[in-house]
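Everything on this sheet refers to the single structure shown next.
The values are calculated or read from the model by the stated rules, or taken from the named source; none is laboratory data. The structure presented is a predicted model; accordingly, all values stated were derived computationally and were not measured. Backbone-built Cβ (ideal geometry, glycine too); neighbour counts: all protein chains shown.
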Amino acid sequence: MWETDGKKTKLLKKNTANSHDDGKKIVLTASAIEMSDFNLNPFIAFSGGFPMFLPKEILRKKLYPPTPFNEDGTAKFAPYGLRKVETILIDYFGEENVVTVYPSMLEKFVGKNTKVVGISTMDPLGVGFVSRTYTSFIGISGKPMTAVEFEEMLSNPSLKKYRPKIIVGGSGAWQIVKARVQSQLGIDTVVMGEAEEDVLEIFKKAVDGEELPSQVVCRKPNPENIPCIKKPSLFGVVEITRGCGRGCQFCSPTLRQRYSFPLDHILKEVELNARNGTRMITLQTDDIFLYKTNPDFTPNREAVAELINSVAKVEGVEYIQIAHAALAPVVCDPNIVKDIAPTLVEKSRWVYVNNEKYATFEIGIETGSVKLIARYMRGKVLPYPPEQWPDIVVQALGILNDNQIYPLATLITGLPGENQDDVIATLELLDRLKNARIFYVPLLFTSEMDCILNRERHADLSNLTELHWEVFSTCWSHNVKTWTNGDFQRLVRIGSLIAYAAYYRWLHGPKALYPILKVSGWDERLWNNRK
């Protein structure tokens with residue numbers, strides 16, 4: 001049953017109060033924003049890195065509503081990584097001692113018997129790529145939604161009252177260590193890396209009342225020992241590959257061993273999710289074409305096609321969403337796209353502005369500079385040389401678009417050593433893609449702790465040149481023109497001038513005027529009138 005209504009949530013808390021007064025031994029959770037499926041839209045989840053522009057109560061209801069609760073008050077769906085940890089803990093401690101709950105339900109599950117609360121987080125301090133970028137540009141509250149919700153979860157009264165051990169892990173755990181705020185936040189242990197090998201020992205120590213290590217960098221697990229989840233995941237996430245091996249220096253998955261999970265392992269998790277009411281299956285991978293890839297990174301067409309078709313045949317699977325894909329394999333074997341695109345489009349929930357159905361996934365263009373590609377992400381181009389990167393991007397986008405796949409693409413500005421020529425190369429590539437159906441998410445370079453470039457300086461607004469601003473405005477101008485209708489575009493034109501006059505000329509100064517005019521379409525209108 002859905003529990004998005006405040007009265008229903010209060011009633012559920014009341015009904016579960018008696019059975020959980022003493023608390024469960026191990027409680028797992030994540031922040032409100034990371035426990036939501038954003039109305040079954042994983043791409044809207046990017047907005048969690050935007051500033052808290054409205055009161056939390058409104059955003060929780062409209063943007064990231066709670067997922068369903070089970071009848072006992074536990075979360076029906078939860079982040080995939082948290083479900084993996086939950087599985088390991090249930091196998092050792094028993095299901096009666098381990099619960100995964102929505103943060104608003106902590107007070108009904110944390111009690112005098114609770115020994116440890118495990119928290120999963122992707123962006124606890126709001127300093128990930130998206131958060132740093134768009135909090136800087138948009139301003140307003142100055143603090144991303146992810147950070148606000150993480151702080152609120154840690155301030156839950158039950159944690160203060162019963163003082164269980166707090167263990168935090170997940171892909172964003174590095175932020176806490178790098179910012180040196182672990183003690184300030186009251187966190188006993190921060191777990192970084194793939195948790196399967198070491199997480200049980202940490203929780204055993206917490207349950208037994210032993211002293212916990214402040215930080216743990218986990219060992220690489222034996223892939224064959226990674227368990228299947230026991231309960232359904234948010235977005236129906238199912239991991240099909242882990243690690244990458246392409247070696248991009250700004251990215252952490254490249255440091256992990258590349259591994260493709262057996263098809264029967266994958267289908268077991270797909271069936272579990274579908275059986276428990278998950279309408280969407282999200283295939284979690286750093287690149288769909290890495291699935292059972294050949295040693296030289298040429299894709300295994302037969303294996304990828306078998307995977308997609310097998311998932312599509314599972315009863316109850318209404319939608320299929322691929323997380324990420326690389327572009328070089330598309331050029332290497334265009335037929336692999338032709339083989340899987342019809343199924344992906346059929347099982348897609350996305351409709352273009354002209355009512356045309358399409359499929360999508362995230363890709364990384366990152367830069368148009370051959371020099372930066374060769375220096376920091378040479379493996380992204382394999383099996384081709386770095387010099388071919390701009391042509392590969394253009395060819396791959398053409399192939400994807402021809403097969404009704406319209407991707408979301410990231411670009412990174414401010415990479416170490418980037419100069420004006422590099423930015424110009426990116427702008428030239430964007431010009432070659434001006435007619436492509438693609439949604440851009442330009443980002444500021446962020447030196448995450450678990451990547452090779454972890455000691456490099458973050459890019460920020462003070463480092464941006466006019467050409468950098470041109471990259472951002474070109475991308476968002478393309479997004480507005482490509483993905484919105486005339487009524488919305490007129491609203492953007494009016495709202496942009498009001499926003500600049502009322503706020504952004506004070507926040508960013510006159511340098512923000514031209515980018516705002518470009519994004520809103522005023523630059524073309526003024527130019528046409530001048531002619």
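Remarks
Conditions (1) of a type in the set (Val, Ile, Thr); (2) farther than 20 Å from Glu466 by Cα; (3) assigned by TED's automatic domain parsing to the domain that holds Tyr384, marked per residue:
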| position | (1), (2), (3) |
| --- | --- |
| Leu397 | no, yes, yes |
| Ile405 | yes, yes, yes |
| Leu408 | no, yes, yes |
| Leu411 | no, no, yes |
| Gly417 | no, no, yes |
| Gln420 | no, no, yes |
| Thr426 | yes, no, yes |
| Leu430 | no, no, yes |
| Leu433 | no, yes, yes |
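- Checked against (1) among the β-branched types (Val, Ile, Thr); (2) over 25 Å from Arg349 (Cα atoms); (3) loosely packed, with under 15 Cβ neighbours inside 10 Å, Val423 passes all but a single condition, namely (3).
- Condition check for Asn39: part of a helix (DSSP H, G or I), at pLDDT below 85 and either among the polar types (S, T, N, Q) or within 21 Å of Pro124 (Cβ to Cβ) (or both): no
- Residue that is nearest to the chain's Cα centre (by Cα), among those in the range 195-212 that are assigned to a loop (DSSP other than H, G, I, E, B) and surrounded by 14 or more Cβ atoms within 10 Å (Cβ to Cβ): Ala195
- Residue within the range 325-336 that is surrounded by fewer than 19 Cβ atoms within 10 Å (Cβ to Cβ), under 21 Å from Lys268 (Cβ atoms) and touching a residue at least 12 places away in the same chain (Cβ under 8 Å) present: no
- Residue within the range 259-266 that is modelled with pLDDT of 90 or more and in a loop (DSSP other than H, G, I, E, B) present: yes
- Test: Val270 is modelled with pLDDT of 95 or more, in the same structural domain as Thr367 (by TED's automatic domain parsing) and not in a helix (DSSP H, G or I): no
- Pairs where the first residue, in the range 462-476, is assigned by TED's automatic domain parsing to the domain that holds Asn435 and of a type in the set (Gly, Ala, Ser) and the second is buried (at least 19 other Cβ atoms within 10 Å of the Cβ) and assigned to a helix (DSSP H, G or I), C-beta under 9 Å, 6+ apart: Ser473/Pro515; Ser473/Ile516; Ser473/Leu517; Ser473/Lys518; Ser473/Val519
- Being at pLDDT 90 or above and over 19 Å from the mean Cα position of the chain (by Cα) is a property that Leu54 lacks.
- Of the residues screened, Val370 is not one that is crowded, with 18+ Cβ neighbours inside 10 Å and either touching a residue at least 12 places away in the same chain (Cβ under 8 Å) or touching a strand residue (DSSP E or B) at 6+ places or on another chain (Cβ under 6 Å) (or both).
- Cβ-Cβ distances below 8 Å connect the following pairs, each with a first residue in the range 56-75 that is assigned by TED's automatic domain parsing to the domain that holds Ser36, a second residue that is acidic (Asp, Glu) and in a loop (DSSP other than H, G, I, E, B), and a separation of six or more residues or different chains: Pro66/Glu3; Thr67/Asp37; Pro68/Glu3; Phe69/Glu3.
- The set of residues from the range 507-531 being assigned to a helix (DSSP H, G or I), surrounded by fewer than 12 Cβ atoms within 10 Å (Cβ to Cβ) and modelled with pLDDT of 65 or more comprises just one member, Pro510.
- Residue in the range 174-183 that is part of a helix (DSSP H, G or I), of a type in the set (Phe, Trp, Tyr), more than 15 Å from the chain's Cα centre (by Cα) and farther than 21 Å from Ile44 by Cβ present: yes
- Selection over the range 293-309 of residues that are farther than 25 Å from Leu408 by Cβ and modelled with pLDDT of 95 or more gives a count of 2.
- Among the residues of the range 224-251, those that are part of a helix (DSSP H, G or I) and surrounded by fewer than 18 Cβ atoms within 10 Å (Cβ to Cβ) comprise Glu224, Asn225.
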